[in-house]
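Please read the structure below before turning to the comments.
Every number here is computed from the coordinates shown, using simple stated rules; none is lab data. Predicted, not measured: the structure shown is a model, and the values here were computed from it. Positions of Cβ are backbone-derived with ideal geometry, glycine not excepted, and every protein chain shown enters the neighbour counts.
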Amino acid sequence: MTATAQVVDGDIVISEATGRPVLIRDTVKLRQDVRQAIDESGLEQLIGRVTNQYALRGLVASRLSAIFLELARIQQNVQFSERTLAEQYAGLSRIDVFPKTLPGSSTLDPTSISFRVSVVSRRGEPLEIADTLSVGT
């Protein structure tokens, strides 16, 4: 079984009781690994560069698929035998990418896009991650 320090908003979470990093395992660790893979992908760099929302949605979905293929490859090569089934990425079950509208209007916001991905651990547990990407984030 592997464990890693819990990270929230880029900061390691420290236990108030022990003064040490909070360690996470299993599905919680997989969720953090997925989130980290998305955050480190540079996906937000597409926002604002591609003005056609349909093309942008396709590019974001394609990039998300590639991110998960890379995550699977990394997991196969790094501590695979030590990971629990709940920590192992098994597959991508759904990707939804949708445009955001400007506040109080039906006009599409060219500076942001939202996505929701559903993945499954090798133990069969589903995980869903949703986020909005914006220019400059």
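Quick notes on this one:
- Per-residue ³J(HN,Hα) for the range 48-64, Karplus 6.51 cos²θ - 1.76 cosθ + 1.60, θ = phi - 60°, Hz, x for Gly and Pro: x, 8, 10, 8, 7, 4, 5, 5, 5, 4, x, 5, 5, 4, 5, 5, 4
- Taken about its Cα centre, the range 26-134 carries a charge dipole of roughly 220 debye when the Cβ of each Lys and Arg holds +1 and the Cβ of each Asp and Glu holds -1.
- Measuring max minus min along each principal axis, the C-alpha atoms of the range 26-134 give extents of 49, 22, 17 Å (largest first).
- Residue-span extension gain [R94 to T107] - 0.36 nm each, minus C-alpha spacing: 2.0 nm
- With Cα atoms as the point set, the radius of gyration and Dmax of the range 1-87 evaluate to 16.1, 51 Å.
- Peptide ranges 114-124, 39-49, 24-34 listed from the most packed, as the mean C-beta count within 10 angstrom indicates: 24-34, 114-124, 39-49
- Note on R20 and F80: the model spin-label points, each 7 Å out from Cα along the C-beta direction, lie 3.1 nm apart.
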